[in-house]
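Let me begin by presenting the structure, written as structure tokens, before commenting on it.
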Amino acid sequence: MSPEIPGPWPGPDYTAGANGSGNDGVEIDRRGVRAVSGKLIQLAHDGSDNSAITHTQLVMGFPWEFPNDLARCLHGAGQSVRIFWNDLHAEIGTAGVLTERACTRYDLVDNPRLGDMPFLEAGSEGVRPPDRLGERPSIQFGGPSRLYPNGSEPLPLVVDDGVERVTAEMAVTSFYRPSAGDGIPAFLEQLIGSLVDVANTLPLRARDLHDAPWSGETADLTQRALRQIYENVIYLATWADTLNAACRRFLEVVDWYVTNFHEMADPNRRYWDELLDFGSTADSRTRSFLRAANLQFLEVFDMIPQPFTENLPGLMVVDEDLEWSRYQVWWHQKYGSAAPNLRSGQQWVEEHQRLLEAREAAERTYG
């Protein structure tokens with residue numbers, strides 16, 4: 001059973017003027033703020049260490065395509081969840097590193113921005129936070145995905161193709177008997193539990209920053225980012241919980257299918273028994289049974305959530321990425337009309353134009 005998902009942001013809005021909790025002017029206790037930033041970085045590291053969380057494929061191998069497509073869709077949705085999950089933890093880690101960096105800056109009054117991440121490393125290792133005083137080991141977390149900071153990804157196509165072409169022979173030949181290892185992807189429930197832990201922790205870190213004390217426009221930007229990250233955590237946890245319910249129902253239908261197939265379809269009955277059914281055939285009984293299964297799989301299809309959309313602050317956006325994004329959009333706008341699939345090219349431009357606008361807005365807001 002998935003843990004209870006928290007509700008909206010539980011504490012005050014610590015940005016200036018919100019609920020009377022903001023303070024005028026600038027105040028910062030560098031040691032206190034740096035201690036909180038280290039906790040944010042550790043939170044990102046702990047959450048992104050998901051090597052023990054595996055995503056297994058759902059049951060496939062049915063004599064008609066609809067449940068096979070459905071299994072692929074559920075599996076693809078789970079992979080998309082992991083992408084969003086990684087972006088969330090990388091954003092939390094970036095917030096921690098930028099907050100630590102802010103502790104050492106003296107220009108925050110005149111230029112209240114958090115700035116770009118100064119510790120980007122080549123390869124797939126992501127971002128490595130500073131360790132100036134040797135107070136903690138170096139830890140790493142992944143960088144942004146192709147959906148960052150506000151992209152969405154369509155789910156794999158699922159089409160109800162019906163069962164009218166399936167014969168009893170086809171159904172028997174391809175009858176699936178799940179092995180003992182089949183089951184709901186365990187990673188979904190572990191992931192939801194991880195997100196709930198993050199959701200319960202982020203408001204505490206926001207309060208710690210406020211009480212360090214740290215106030216001023218740069219502090220307000222950090223608080224704004226943490227609250228937006230929290231809202232994404234709750235959104236993804238709810239989305240994953242809905243997907244988990246669809247996966248559970250899928251496996252219930254599979255169990256019903258496996259348990260009742262031979263009894264209800266009875267495709268191997270003797271010829272004399274066929275005659276006593278006054279025209280009923282193995283094929284017709286099989287299709288009747290599969291239609292009943294198909295209706296239940298349609299219930300699963302209706303339970304699948306709509307594709308999610310990330311809505312992260314964009315703390316990982318850097319100037320170099322913006323230049324490359326602008327160039328990509330410009331190139332496709334100018335030369336994309338020559339692509340074999342014009343519609344696909346237009347869709348690409350629209351999606352990346354939206355990503356570019358979000359990245360430019362993040363750069364204007366956070367620096």
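The values are calculated or read from the model by the stated rules, or taken from the named source; none is laboratory data. Fair warning: this is a prediction, and the values are worked out from it, not measured in the lab. When we count neighbours, we look across all protein chains shown, and the Cβ atoms used for this are built from the backbone with ideal geometry, even at glycine.
In summary, A245 fulfils each of the numbered conditions (1) assigned by TED's automatic domain parsing to the domain that holds P307; (2) at pLDDT 90 or above; (3) farther than 18 Å from L70 by Cβ with the single exception of condition (3). Here R207 meets the list (1) part of a loop (DSSP other than H, G, I, E, B); (2) farther than 29 Å from R248 by Cα almost entirely, failing just condition (1).
Taking segment 34-83 as the range and being under 30 Å from R207 (Cα atoms) and modelled with pLDDT under 85 as the test, the residues that pass are H45, D46, G47, S48, D49, N50. When R326, R364 are checked against the criterion of being loosely packed, with under 15 Cβ neighbours inside 10 Å, part of a helix (DSSP H, G or I), at pLDDT 75 or above and in contact with a Leu (Cβ under 7 Å, 6 or more places away or on another chain), a single residue qualifies: R326.
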